[in-house]
Structures are given as structure tokens and as C-alpha cells.
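Everything on this sheet refers to the single structure shown next.
The values are calculated or read from the model by the stated rules, or taken from the named source; none is laboratory data. Bear in mind that the values here come from a model prediction, so they are computed numbers and not experimental data. Here the Cβ is made from the backbone with ideal geometry for all residues, glycine too, and neighbour counts use every protein chain on show. Just so you know, the surface numbers come from the protein's heavy atoms only, side chains and all, with ligands and any DNA or RNA stripped out. Shrake-Rupley method; radii C 1.70, N 1.55, O 1.52, S 1.80 Å.
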Amino acid sequence: MEKTRIVILGGGMVAGYAAKQLVELGLPSGDLTILSADHELPYERPPLSKGFLAGKDNLESIRINPPEFYREHAIDVRLSSEVESVDPAAKRLHLKTGGELGFDKVVIATGARPRRLNLPGAGLDGIHYLRSVDDSRKIREHAASAKRAAVIGSGFIGMEVAAVLAQKSIETTLIIRSGHIWGQFFTPQMSKFFESYYTARGVKIERDASVESFAGDGVVSAVRLASGRTVSTDLVVAGIGAEPVTEFLASSGIELSDGVVVNEFLETGQAGIYAAGDVANYNDVLYGKRRRVEHWDNAVSQGQHCARVLTGDRRPFRHVPYFFSDEFDLSYEFWGDSSGADQVVTRGDLTTSSFSVWWLRGPQLLAAFVMNRPDDERTVAPQWIESKQPVAAQDLRDTSHPLS
């Protein structure tokens with residue numbers, strides 16, 4: 001049976017950044033194998049709903065490492081390769097092709113797949129989901145001839161895709177289940193700002209809208225809502241969440257619960273088996289709770305951390321959750337976890353595109369949103385969250401008070 005020292009299951013961002021980190025830490029050539037279900041080398045995912053979708057980036061520009069990186073370090077990257085099952089006791093992977101691969105250590109980084117709509121007409125052509133570079137390319141190609149588009153979901157994927165399509169002069173409708181854009185995350189005042197910003201740029205918003213079915217003769221031509229309204233469209237993009245890819249672990253004995261359960265070192269309960277990225281349900285020592293994060297920064301940071309743990313640096317993963325988004329000419333960043341906050345403080349003017357929002361529990365900063373603000377706000381936000389130093393709400397509110 002063929003054997004390798006370290007295997008990464010999944011060829012996404014965890015694999016790309018873990019491989020780079022392992023090389024920098026001195027991993028001997030030939031000690032790493034990457035098994036990827038994708039047919040492309042590891043690439044950055046954020047551009048798929050931004051620059052790549054808009055046609056500003058190409059595949060070469062979004063690759064994490066160039067092809068020669070893997071050749072030079074004898075990293076065995078097996079594309080279009082999936083695992084059927086994992087045998088932790090025998091330290092063996094059963095491949096869907098029928099072969100087996102032995103390992104000393106394995107990192108599960110199979111990510112997440114988009115949730116799909118189970119509705120009448122959901123199988124029509126022209127209904128898209130966004131996860132891979134192929135998905136983004138298909139949406140971009142379809143958008144080239146589309147005059148109308150419907151985007152379902154107002155999370156960061158839905159908002160970013162709607163912004164890109166609207167900038168292509170496509171009549172775009174954003175369909176959201178709640179009464180406000182991204183109501184689970186934004187405060188009502190933040191939602192109001194973004195709704196005004198989007199509508200001013202031509203995006204129509206259907207609020208409190210539940211999709212009932214799709215109409216079309218082979219190709220989607222309309223979205224039917226439960227209210228009885230119909231949204232005519234040539235193109236649909238659904239961003240309704242994702243689910244971790246764990247089916248192949250069902251008989252492995254590895255604990256599963258909304259992903260692969262790992263401790264603060266990103267270790268499963270099985271010796272030599274780790275998980276990182278979208279698939280990892282990890283013990284967040286900073287907030288004292290379990291979480292699974294589906295964002296770029298988490299995949300990068302956990303991939304790098306796994307590499308360090310694999311090479312003997314066994315320290316807990318302590319990291320402030322972070323994500324960023326670009327929409328039209330707006331760029332914003334978010335740190336932390338706002339759940340449990342008992343006070344929300346705004347700094348700046350919420351009627352402009354320059355403001356920050358700070359969530360506190362007592363004097364402790366839990367989370368911060370910063371958009372087009374001075375660098376000191378971007379600097380202190382993650383520092384204060386991690387250090388848990390007391391923060392005065394009045395100082396945050398007072399723009400004349402420096403935060404550095």
C-alpha cells in the first residue's frame with residue numbers, strides 16, 4: 001500500500017496555505033500529499049464573488065501558490081481525487097478510485113458545499129450556486145448575455161454577487177427572507193444604510209420574501225414568491241448558506257457535529273487526525289464556545305496553525321474571527337462575535353459610507369465593524385477583542401477621542 005507522511009484532504013485554501021507554511025517550516029520534500037476534489041490547484045475563494053466574477057481577475061492571479069511551488073517541493077497534488085472513507089486505526093484512506101493511501105497524519109479540510117434549493121423548478125438551467133472557480137466562471141459567462149438577474153439571500157455572498165451583477169448593467173433583484181438586508185448580522189440602522197446604497201445603484205430588494213418555485217421552459221425565466229409576486233429573470237444565483245462536507249467520515253469514529261469536532265489544537269479525538277477551515281467545528285478559547293467559520297481568514301489561519309501543530313508547535317488556536325467584504329465601491333471589515341452584546345455603539349455617521357459599529361458586553365468589546373474609517377480603528381478592534389481590556393462606550397462614540 002502506498003503511504004505518505006502528511007495528507008491534506010481537500011484542495012482549497014487550507015491546503016494552499018498549510019503547504020506553504022509547512023515548506024517554510026522545513027518539511028522535507030515528498031512528505032506531503034494533497035487530495036483535492038477540485039480540478040484546479042488551490043486558489044483564493046474571495047475573488048470568486050468579487051474580482052474573478054467581475055472579470056478583473058484570472059485563474060493565475062488567484063492561485064495561492066504557483067504550479068512550480070508544488071513541483072519544486074515534491075508536493076503530490078492529486079486533482080479530481082476524493083476519499084471514500086477514513087480508517088483512523090489503520091491510518092488508511094480508501095479512495096473513490098478504489099486505491100488506498102496510508103498516512104502518519106491527516107488534515108481534514110474538505111470545506112463546505114452550498115445549500116441547494118429543493119423547490120419546484122430548481123433544476124432549471126440558469127440557477128447557479130457559488131463555491132468553486134467553475135461556478136464563478138459559469139455565472140460570469142451567463143451574465144454576459146443576461147438582462148435581468150435574481151439573487152436569493154442577503155449574506156455576504158448574495159450582497160457581493162448582487163453588486164457585481166448590478167455593475168454589469170444587469171437589472172438585479174435581491175430576494176431576502178427577512179425584513180432587512182443581512183438581518184442576522186447587521187443592526188437595523190446598518191441594514192437601512194446598505195439597502196439605501198443598493199437601491200440607489202439600481203438593485204431592487206424584495207423583503208420578507210419566500211421563494212415558492214421557479215418557472216421556465218428548460219431555462220429559468222421567473223422566480224415565484226409565496227406572496228404571489230413574480231420576479232422575471234434570466235439568471236438566478238442562490239446564496240442560502242453552506243453545509244460541511246463530512247459524509248465520507250460517517251463510519252470513521254471521528255466525532256461529527258455541524259462539521260468535524262476538534263479541540264483547541266484543531267485535533268480530533270483520533271490520534272494524528274486534524275481538521276481545519278470551513279469543515280472544522282473548533283473550541284474557540286477566546287470566546288469560550290464552539291464555532292464553525294466559513295470565511296477566508298479562518299481557512300488561512302487554521303491552515304497555517306495546523307502546519308505548526310503538525311511540526312511540533314502544539315499551542316492552542318487563539319484567533320479573533322474576521323472577515324471582509326467589497327460591495328460596489330465599499331469595503332468593510334468585521335472582527336469578533338456580536339452575540340451576547342448588551343450595548344451597540346456607533347462611531348461616525350450612519351448616513352454616510354464612513355462609520356464603525358462596536359458591540360460590547362459591559363466594558364468588554366465583543367465585535368467591531370469598520371468601514372472607511374481611520375486606521376487606528378482597524379488596529380485597535382482585534383487587539384481590544386483579544387486582550388479583553390475594558391473599553392468605555394463614550395470614548396468609542398466620541399470621534400474626537402483617539403482610539404490608539
Going through segment 367-400 in order, the residues found to be over 21 Å from Ser331 (Cα atoms) and either part of a loop (DSSP other than H, G, I, E, B) or in contact with a Ser or Thr (Cβ under 6 Å, 6 or more places away or on another chain) (or both) are Lys388, Gln389, Val391, Ala392, Asp398, Ser400
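Could you pull out the residue among Gly239, Gly202, Gly288 that is without any contact (Cβ under 8 Å) to a residue 60 or more places away in the chain, within 27 Å of Met13 (Cβ to Cβ) and not basic (Lys, Arg)?
On the way: Gly239 fails: without any contact (Cβ under 8 Å) to a residue 60 or more places away in the chain; Gly202 fails: within 27 Å of Met13 (Cβ to Cβ).
Among Gly239, Gly202, Gly288, only Gly288 is without any contact (Cβ under 8 Å) to a residue 60 or more places away in the chain, within 27 Å of Met13 (Cβ to Cβ) and not basic (Lys, Arg).
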Failed criterion for Asp135 (all others in (1) at pLDDT 95 or above; (2) open to solvent by less than 30 Å² (accessible area, probe 1.4 Å); (3) within 25 Å of the chain's Cα centre (by Cα); (4) farther than 30 Å from Asp31 by Cβ hold): (2)
Considering only helices (runs of 4 or more DSSP H) fully contained in segment 1-120, which possess at least 2 residues that are of a type in the set (Asp, Glu), touching a Pro at 6+ places or on another chain (Cβ under 9 Å) and open to solvent by 20 Å² or more (accessible area, probe 1.4 Å)? none
Has segment 329-341 got any residue that is open to solvent by 20 Å² or more (accessible area, probe 1.4 Å), of a type in the set (S, T, N, Q) and over 22 Å from the mean Cα position of the chain (by Cα)? no
How many of the residues in segment 180-202 are under 24 Å from the mean Cα position of the chain (by Cα), among the small types (Gly, Ala, Ser) and open to solvent by 20 Å² or more (accessible area, probe 1.4 Å)? 1
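For segment 69-86, state whether one or more residues are of a type in the set (Gly, Ala, Ser), more than 30 Å from Ser145 (Cα to Cα) and in contact (Cβ under 8 Å) with a residue 60 or more places away in the chain. Before the answer, list the steps.
Taking segment 69-86 and keeping what is of a type in the set (Gly, Ala, Ser), we get 74, 80-81, 85.
If we keep only those that are more than 30 Å from Ser145 (Cα to Cα) as well, we get 74, 80-81, 85.
With the extra rule that they be in contact (Cβ under 8 Å) with a residue 60 or more places away in the chain, the set shrinks to 85.
Yes, segment 69-86 has at least one match.
Output the residue which, of all residues in segment 261-279 that are among the β-branched types (Val, Ile, Thr) and without any contact (Cβ under 8 Å) to a residue 40 or more places away in the chain, is surrounded by the fewest Cβ atoms within 10 Å (Cβ to Cβ). Full working, then the answer.
Start the filter on segment 261-279 by keeping residues that are among the β-branched types (Val, Ile, Thr), which leaves 261-262, 268, 273, 279.
Remaining after also requiring without any contact (Cβ under 8 Å) to a residue 40 or more places away in the chain: 261-262.
Details: Val261: 18, Val262: 26.
This residue is Val261.
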Across segment 293-322, what is the number of residues that are over 18 Å from Lys105 (Cα atoms), open to solvent by 20 Å² or more (accessible area, probe 1.4 Å) and touching a helix residue (DSSP H, G or I) at 6+ places or on another chain (Cβ under 7 Å)? 4
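Could you list, in sequence order, the residues of segment 331-347 that are assigned to a strand (DSSP E or B) and either more than 29 Å from Gly51 (Cβ to Cβ) or at pLDDT below 95 (or both)? Full working, then the answer.
The first filter runs over segment 331-347 and keeps only residues assigned to a strand (DSSP E or B), leaving 331-336, 343-347.
Those that are assigned to a strand (DSSP E or B) and either more than 29 Å from Gly51 (Cβ to Cβ) or at pLDDT below 95 (or both): Gln343, Val344, Val345, Thr346, Arg347.
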Show the residue pairs meeting these rules: Cβ distance below 9 Å; 6+ apart or different chains; first residue within segment 101-116 and on the phi > 0 side of the Ramachandran plot; second residue in a strand (DSSP E or B) and open to solvent by 10 Å² or more (accessible area, probe 1.4 Å). Gly111/Ala242; Gly111/Pro244
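So which of Thr346, Thr352 ends up being surrounded by fewer than 16 Cβ atoms within 10 Å (Cβ to Cβ) and β-branched (Val, Ile, Thr)? Please lay out each step first, then the result.
Values: Thr346 fails: surrounded by fewer than 16 Cβ atoms within 10 Å (Cβ to Cβ).
After applying the criteria, what remains is Thr352.
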Conditions first: (1) touching a Lys or Arg at 6+ places or on another chain (Cβ under 7 Å); (2) surrounded by 16 or more Cβ atoms within 10 Å (Cβ to Cβ). Val211 passes all but one, so which condition is the exception? (1)
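Just give me the residues in segment 369-387 being closer than 25 Å to Thr351 by Cβ and in contact with a strand residue (DSSP E or B) (Cβ under 9 Å, 6 or more places away or on another chain), in sequence order. Reasoning before the result, please.
Applying the first criterion (closer than 25 Å to Thr351 by Cβ) to segment 369-387 yields 369-378, 380-381.
Selection gives Phe369, Val370, Met371, Asn372, Arg373, Glu377, Arg378, Val380, Ala381.
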Residue by residue through segment 230-255, note down the ones that are surrounded by fewer than 18 Cβ atoms within 10 Å (Cβ to Cβ) and either over 30 Å from Ala146 (Cβ atoms) or of a type in the set (Asp, Glu) (or both). Glu243, Glu247, Ala250, Ser251, Gly253, Glu255
